[in-house]
């Protein structure tokens, strides 16, 4: 095979690899699998961002907000069965965040149809925050309390909002039948285990009110 032929093959291979890469939603530059996200405040939509755009629009802070990277495993969160019932969630997996668009804290739960908003009891949420000081540190729009109480689990984290939407996508694409099927519950368990590994653990003293 000639040198020219080898060069052509290498160029086509490189072009094919680049075509499969994710791209920045703002400038179309290729981005690696692990990349930052920007939240478009007005629409609530998530945008993939290259490093340059993430830095540029984070400084702007009006149209877009850079999603932070803080992940806390909230082992000491004061959230018992009574409090969970008072929040009025119809399912056992949900996330909560302070929404600028809505002017209040909103709750969503992952479903086969995507992220579904729940009618959160705001008074109960205020009581939960009063019992857990860490929840008062949530960054508006871009951080969330993620709770998994499904199938006997009692796990909760403070996470970047894009983690919640990753879980939404996982459930939406893998849910089968009425109960979800074995595959989706295994995937949810793996998602939570991975999140545990990437999160800093907190204790009851860190979560308690000041």
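The values are calculated or read from the model by the stated rules, or taken from the named source; none is laboratory data. Since the model is a prediction, treat every value here as computed from it, not as a measurement. Don't worry about glycine lacking a Cβ; one is built from the backbone with ideal geometry, like all the others, and counts go over all protein chains shown.
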Scan segment 185-192 and tell me whether some residue there is within 24 Å of residue 98 (Cα to Cα) and at pLDDT 95 or above. yes
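Which one of 66, 74, 120, 79 is within 16 Å of residue 164 (Cβ to Cβ), touching a helix residue (DSSP H, G or I) at 6+ places or on another chain (Cβ under 7 Å) and touching a residue at least 60 places away in the same chain (Cβ under 8 Å)? Step through it out loud before you land on a result.
On the way: 66 fails: within 16 Å of residue 164 (Cβ to Cβ); 120 fails: touching a residue at least 60 places away in the same chain (Cβ under 8 Å); 79 fails: within 16 Å of residue 164 (Cβ to Cβ).
When all the criteria are applied, what remains is 74.
Output yes when any residue across segment 91-98 is assigned to a strand (DSSP E or B), surrounded by fewer than 20 Cβ atoms within 10 Å (Cβ to Cβ) and modelled with pLDDT of 95 or more, and no when none is. Spell out how you get there, then give the answer.
Keep residues of segment 91-98 that are assigned to a strand (DSSP E or B), which gives 93-98.
With surrounded by fewer than 20 Cβ atoms within 10 Å (Cβ to Cβ) added as a condition, the list becomes 98.
When the remaining residues are screened for being modelled with pLDDT of 95 or more, the result is 98.
Yes - at least one qualifying residue is present in segment 91-98.
Hey, does segment 73-89 have a residue that's assigned to a strand (DSSP E or B), within 28 Å of residue 185 (Cα to Cα) and modelled with pLDDT of 95 or more? Walk me through it before giving the result.
The first filter runs over segment 73-89 and keeps only residues assigned to a strand (DSSP E or B), leaving 73-74.
Going one step further and asking which of them are within 28 Å of residue 185 (Cα to Cα), we end up with 73-74.
Filter once more, keeping what is modelled with pLDDT of 95 or more: 73-74.
Yes.
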Condition check: at pLDDT 95 or above, in a loop (DSSP other than H, G, I, E, B) and either in the same structural domain as residue 154 (by TED's automatic domain parsing) or under 16 Å from the mean Cα position of the chain (by Cα) (or both). Does residue 70 satisfy that? yes
Taking into account only those residues within segment 21-62 that are under 15 Å from the mean Cα position of the chain (by Cα) and assigned to a loop (DSSP other than H, G, I, E, B), which is modelled with the highest pLDDT? 35
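In segment 122-142, which residue that is part of a loop (DSSP other than H, G, I, E, B) and surrounded by 16 or more Cβ atoms within 10 Å (Cβ to Cβ) is farthest from the chain's Cα centre (by Cα)? Spell out how you get there, then give the answer.
Of segment 122-142, the ones part of a loop (DSSP other than H, G, I, E, B) are 132, 138-142.
Those left that are additionally surrounded by 16 or more Cβ atoms within 10 Å (Cβ to Cβ): 132, 138-139, 141-142.
Working: 132: 20, 138: 13, 139: 13, 141: 11, 142: 9 Å.
Ranking the qualifying residues of segment 122-142, first place goes to 132.
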Taking first residues from segment 95-106 that are at positive phi and second residues anywhere that are crowded, with 20+ Cβ neighbours inside 10 Å and in a loop (DSSP other than H, G, I, E, B), the pairs with Cβ under 6 Å that are 6 or more apart or on different chains are none
